[in-house]
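Here the structure is laid out as structure tokens; the discussion comes afterwards.
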Amino acid sequence: MLSEPRADGEAISLAALTADPYPIYRRLRRDAPVAWVPAANRYLVTRHADIVQLERQPEIFSAAETQSLMIRVMGPTLLRKDGAAHRRERMACEPALRPPAIKNRWTGEFQAIVDRLIDGFIAEGHADLFDRFAAPCAALALGRLLGLYNTPADDLRRWSQALIDGTGNYGNDPEIWARADAAAAEVDAAIDDITPYLRAHPDESVISCMLNASDPLSRDEIRGNVKVFIGGGLNEPRDAIAVGAYALMAFPEQRALVEADPTLWRAAFEETVRWVAPIGMYPRQVTRATELGGTRLPEGARLGVVLASANSDEAVFDDPDRFDIRRPKKPHLAFGGGPHFCLGIWASRVMVGDIALPTLFRRLKNLRLSGDEVRWSGWVFRGPVNLPAAWDV
Ligand code: HEM
């Protein structure tokens, strides 16, 4: 029987979601799996099965959201297009991120980045691994993958944050717009700067592939899509490194498993992004009146697709709050599930699961949480915002 969306979401605040969304999702999955949440100005979709279902029908559950703040900040991008227009841009980027390119071109570079960062602090015996390791590691790797060889990692971190803040600027804060617009202009300048080099020396980088595809992307298409990569390809591997390192320090019996059998590092990576999905929520918009999970949705309804909740859905995962790298393999949704399925999945598996986490635990002896508080934040993106750790020197 179809029902109207219930009022369960009325009392949910963005502050509560940001502090710890998981108890809220548990309640929504049980009582109101497609709930109107005024604070988010969206219907939140929280059950695994409903998200799988909506991703199978992109013509009804469209990524081309109207009045999108992402388009306001970045210009048109592949992430806000459907159908053939989306496929064309995706195909141009894809060769850079396929497994052979990752293996042959990037694995060595990722290992060198990770080792250099660890060399920089190993003698100190303690560090905030979020700031000294996870964030610069993700930024340096992304700069190489994109072909932005001219850009310092700190600029990429700053641009990424400014673009993300702009994409979430529902409060219309002029200072946030100004920072986002300035970052966007700097990204455009960096692309213009590197383009002649990549035309003359085509390689496996994302920008080179966009420029040299059989159906090359235009300057504006490259500008928009590089901003999506910067806004969407830095926070997630950063947070996956930080969450994975946290979990393996916090749960020594899990760490003992990977140390005894290094083939389990990939499972540790997958469990990390299941346990705390780096992208907790992404938007979709309904193109015509429809229903989802037994709830009526009007034409134009804005949805928040809550991957973080799907990954904790007790209908799929036993004891979902537990970090357990031995759990039976089930399809988590941390990388999405439809036509916009993450393009960076192979790069992330290799960079985080094969290199960053194993090298960190191999090189830093007796790596442990320092005892200072680890703070967590976010629901659209979620992870620790610091990771104070210590090791033997
Ligand atoms: C642990 C790391 C990562 C996670 C959990 C993750 C997650 C996701 C998710 C959930 C989506 C779908 C978004 C939507 O449908 O609205 C997505 C799309 C995307 N991701 Fe990732 N991502 C990660 C790393 C990366 C990296 C490193 C890159 C770039 C090198 C990247 C590039 C992209 C791009 C370009 C898209 C858009 C694809 C399209 O629209 O067809 N991601 N990612």
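Residue-by-condition table, conditions (1) within 17 Å of ILE345 (Cβ to Cβ); (2) at pLDDT 95 or above; (3) not basic (Lys, Arg):
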{"residue": "ALA178", "(1), (2), (3)": "no, yes, yes"}
{"residue": "ALA185", "(1), (2), (3)": "no, yes, yes"}
{"residue": "ALA190", "(1), (2), (3)": "no, yes, yes"}
{"residue": "PRO196", "(1), (2), (3)": "no, yes, yes"}
{"residue": "PHE229", "(1), (2), (3)": "yes, yes, yes"}
{"residue": "ARG238", "(1), (2), (3)": "yes, yes, no"}
{"residue": "TYR246", "(1), (2), (3)": "no, yes, yes"}
{"residue": "VAL258", "(1), (2), (3)": "no, yes, yes"}
{"residue": "GLU270", "(1), (2), (3)": "yes, yes, yes"}
Enumerated helices (runs of 4 or more DSSP H) restricted to segment 11-128, each holding at least 1 residues that are out of contact with any Lys or Arg (no Cβ under 9 Å at 6 or more places or on another chain) and among the hydroxyl-bearing types (Ser, Thr, Tyr) = 22-31, 107-121
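Among the helices (runs of 4 or more DSSP H) contained in segment 230-300, which hold 3 or more residues that are within 12 Å of the ligand (Cβ to nearest atom) and closer than 13 Å to ALA334 by Cβ?
235-250, 265-275
Yes/no matrix, rows are residues, columns are (1) aliphatic (A, V, I, L, M); (2) in contact with a Gly (Cβ under 7 Å, 6 or more places away or on another chain); (3) more than 11 Å from the ligand (Cβ to nearest atom); (4) under 21 Å from GLU299 (Cβ atoms):
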| position | (1), (2), (3), (4) |
| --- | --- |
| PRO33 | no, yes, yes, yes |
| HIS48 | no, no, yes, no |
| ILE71 | yes, no, yes, yes |
| GLU89 | no, no, no, no |
| GLU94 | no, no, no, no |
| ARG98 | no, no, yes, no |
| LYS103 | no, no, yes, no |
| GLY108 | no, no, yes, no |
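Against the condition touching a strand residue (DSSP E or B) at 6+ places or on another chain (Cβ under 6 Å) and farther than 25 Å from TYR282 by Cβ, how does VAL374 come out, does it pass? Reasoning before the result, please.
Details: touching a strand residue (DSSP E or B) at 6+ places or on another chain (Cβ under 6 Å): yes; farther than 25 Å from TYR282 by Cβ: yes.
Yes.
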Per the filter on segment 57-69, residues more than 12 Å from the ligand (Cβ to nearest atom) and at pLDDT 95 or above are GLN57, GLU59, ILE60
Just name the residue that is surrounded by the most Cβ atoms within 10 Å (Cβ to Cβ) out of those in segment 141-152 that are within 12 Å of the ligand (Cβ to nearest atom) and either free of Cβ contacts under 8 Å to residues at least 24 places away in the same chain or assigned to a helix (DSSP H, G or I) (or both).
-> ALA141
For segment 176-198, does any single residue satisfy the condition of being in a loop (DSSP other than H, G, I, E, B) and either more than 20 Å from the chain's Cα centre (by Cα) or closer than 19 Å to ARG88 by Cβ (or both)?
-> no
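If the requirement is being within 8 Å of the ligand (Cβ to nearest atom) and more than 14 Å from the chain's Cα centre (by Cα), which of these qualifies: PRO339, PRO328?
Answer to the check: PRO339.
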Output the number of residues of segment 365-391 satisfying the condition of being among the aliphatic types (A, V, I, L, M), surrounded by fewer than 23 Cβ atoms within 10 Å (Cβ to Cβ) and part of a loop (DSSP other than H, G, I, E, B).
-> 4
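The values are calculated or read from the model by the stated rules, or taken from the named source; none is laboratory data. All of these numbers come straight from a predicted model, not from anything done at the bench. Positions of Cβ are generated from backbone atoms using ideal geometry, with glycine treated the same way; all protein chains shown enter the neighbour counts.
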